[in-house]
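Each remark here refers to the structure printed beneath this line.
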């Protein structure tokens with residue numbers, strides 16, 4: 001475990017599938033799954049499979065949003081920090097963090113009252129990074145808010 005990079009409890013990452021080069025994220029070892037704040041979530045069918053269309057804000061107070069689409073990966077019950085249970089859609093998408101590019105399962109939810117639009121849970125962090133709660137934003141700030149989608 002000594003060879004894993006140590007990150008702070010809050011960082012910035014990229015979501016290349018959606019063309020987003022920087023998004024503030026809370027690294028939360030207490031949460032099992034990862035979550036992304038989305039607006040206007042809707043389902044639709046494509047080639048006989050369920051897809052999700054949603055809007056991702058590019059900053060807490062930003063009026064800029066990206067319209068995104070992703071194939072639905074799963075729908076499961078999630079228990080929040082207050083013990084509330086809700087059924088949420090999950091997608092599988094790539095994230096870029098600290099020079100690593102890897103897939104995570106992420107639920108789509110309303111996080112508008114949270115400090116961070118995204119939470120990266122312990123399942124995504126495990127075996128990749130350690131988190132030091134005394135640190136914040138250990139990585140250099142990306143120059144742009146959008147990247148070209150693959």
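Return only the number of the condition from (1) without any contact (Cβ under 8 Å) to a residue 60 or more places away in the chain; (2) more than 14 Å from residue 33 (Cα to Cα); (3) in a strand (DSSP E or B) that residue 88 does not satisfy.
It fails just one condition, (2).
I'd like to verify a number: residues in segment 1-20 that are modelled with pLDDT under 90 and either over 19 Å from residue 123 (Cβ atoms) or part of a strand (DSSP E or B) (or both), how many?
Count: 2.
Conditions: (1) modelled with pLDDT of 95 or more; (2) more than 28 Å from residue 45 (Cα to Cα). Residue 83 meets all but one. Number of the miss?
(1)
Can you name the residue in segment 139-150 that is surrounded by 14 or more Cβ atoms within 10 Å (Cβ to Cβ) and out of contact with any helix residue (DSSP H, G or I) (no Cβ under 8 Å at 6 or more places or on another chain) and, of all such residues, is modelled with the highest pLDDT?
Among them, the one singled out is 139.
Restricting the first residue to segment 62-84 and requiring it to be in contact (Cβ under 8 Å) with a residue 12 or more places away in the chain, which pairs with a second residue that is assigned to a loop (DSSP other than H, G, I, E, B) meet a Cβ separation below 6 Å and a spacing of at least six or different chains?
Sorted first by the residue in segment 62-84, then by its partner, the pairs are 64/58.
Is segment 52-66 home to any residue that is touching a helix residue (DSSP H, G or I) at 6+ places or on another chain (Cβ under 7 Å) and at pLDDT 90 or above?
Yes: segment 52-66 contains one or more residues that are touching a helix residue (DSSP H, G or I) at 6+ places or on another chain (Cβ under 7 Å) and at pLDDT 90 or above.
Does any residue of segment 44-64 turn out to be closer than 18 Å to residue 104 by Cα, in a strand (DSSP E or B) and out of contact with any strand residue (DSSP E or B) (no Cβ under 6 Å at 6 or more places or on another chain)?
No, segment 44-64 contains no residue that is closer than 18 Å to residue 104 by Cα, in a strand (DSSP E or B) and out of contact with any strand residue (DSSP E or B) (no Cβ under 6 Å at 6 or more places or on another chain).
Hey, can you tell me all the residues within segment 27-43 that are surrounded by fewer than 20 Cβ atoms within 10 Å (Cβ to Cβ) and part of a strand (DSSP E or B)?
Scanning segment 27-43 gives 39, 40, 41, 42, 43.
Please enumerate the residues belonging to segment 76-103 that are within 18 Å of residue 54 (Cα to Cα) and within 16 Å of the chain's Cα centre (by Cα).
Those that are within 18 Å of residue 54 (Cα to Cα) and within 16 Å of the chain's Cα centre (by Cα): 88, 89, 90, 91, 92, 93, 94, 95.
The values are calculated or read from the model by the stated rules, or taken from the named source; none is laboratory data. On a predicted model such as this, the values are computed, not experimentally measured, just so you know. So basically every Cβ, Gly included, is an ideal-geometry build from the backbone, and we count neighbours across all protein chains shown.
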